[in-house]
1. From 67, 53, which residue is farther than 19 Å from residue 146 by Cβ, out of contact with any helix residue (DSSP H, G or I) (no Cβ under 8 Å at 6 or more places or on another chain) and either assigned to a strand (DSSP E or B) or modelled with pLDDT of 95 or more (or both)?
2. Within the range 23-46, can you find the residues that are part of a loop (DSSP other than H, G, I, E, B) and in contact (Cβ under 8 Å) with a residue 40 or more places away in the chain?
3. If you check 106, 78, which single one turns out to be in contact with a helix residue (DSSP H, G or I) (Cβ under 6 Å, 6 or more places away or on another chain), closer than 22 Å to residue 254 by Cβ and buried (at least 20 other Cβ atoms within 10 Å of the Cβ)?
4. Among the residues of the range 186-200, which ones are buried (at least 16 other Cβ atoms within 10 Å of the Cβ) and over 17 Å from the mean Cα position of the chain (by Cα)?
5. Which residue pairs have Cβ atoms closer than 6 Å, lie 6 or more positions apart in sequence or on different chains, and pair a first residue in the range 80-102 that is at positive phi and free of Cβ contacts under 8 Å to residues at least 40 places away in the same chain with a second residue that is crowded, with 19+ Cβ neighbours inside 10 Å and assigned to a loop (DSSP other than H, G, I, E, B)?
6. Tell me, which residue of the range 220-241 that is surrounded by 14 or more Cβ atoms within 10 Å (Cβ to Cβ) and assigned to a loop (DSSP other than H, G, I, E, B) is farthest from the chain's Cα centre (by Cα)?
7. Output the residues belonging to the range 48-60 that are touching a strand residue (DSSP E or B) at 6+ places or on another chain (Cβ under 7 Å) and in contact (Cβ under 8 Å) with a residue 24 or more places away in the chain.
8. Test residue 142 against the stated conditions and say whether it is modelled with pLDDT of 95 or more and touching a helix residue (DSSP H, G or I) at 6+ places or on another chain (Cβ under 9 Å).
């Protein structure tokens, strides 16, 4: 894309996943309803506090075996929408395979800067490493997230408690976002764009699987491909997984199903 020659409306559309996948208007209510049912059936570990701010809480769903791998999943919404409560049902695949699940909440923009959001996820991981065993979480941590959560996965892969990662439909270069509607709440500074763009940072030598849907918007496709290429050039482990025909929302079906492509890839990361 010739970014500099595009109008503001064209730049906005380049990152507007809802506009590009109108069927998502039907998917989201289904995700929320199914997640509410899942949480109601497993109420013991909900909203455990790791920090002082309102959204600084965990939802924990232990496996039968406390030594089972733990999938930490960070929700998306361009760092300014949604909550952990809406995404539990989308992790049914790994849970059915015997994994533990842990979903952290975080403060949304504009109530927090992106710098603060990254710090909150790191604080949440600190809490899980320290307190997780008391709640039945003693296995290896695999960090994952969708959309903005994919970005936060890449940013926090270096946390000492994280063994590996799975970044789903992430944004790994923040520079273009400053020229779109997304920055109205984020208000990214030059320093943040440099410090919080995974494509500008040193490569973390841990396994990171990177996945995207072939029907996603071009910037998200290119970001995933570019991050994988950067990591491959540095001999960092991890596969690139294009999900054929999937858009920004339907890609999550590959993790929701117990035999879905992303569920199977996740098993290889444990």
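The values are calculated or read from the model by the stated rules, or taken from the named source; none is laboratory data. Every value quoted in this text rests on a predicted model; they were computed, and no experiment measured them. Backbone-built Cβ (ideal geometry, glycine too); neighbour counts: all protein chains shown.
1. That would be 67, the only listed residue that is farther than 19 Å from residue 146 by Cβ, out of contact with any helix residue (DSSP H, G or I) (no Cβ under 8 Å at 6 or more places or on another chain) and either assigned to a strand (DSSP E or B) or modelled with pLDDT of 95 or more (or both).
2. Correct list: 23, 45.
3. 78
4. 186, 188, 192, 193
5. 82/75; 98/63; 98/68
6. The qualifying residue farthest from the chain's Cα centre (by Cα) is 236.
7. Matches in the range 48-60: 48, 50, 56, 57, 58, 59, 60.
8. Here the answer is yes, as residue 142 does meet what is asked.
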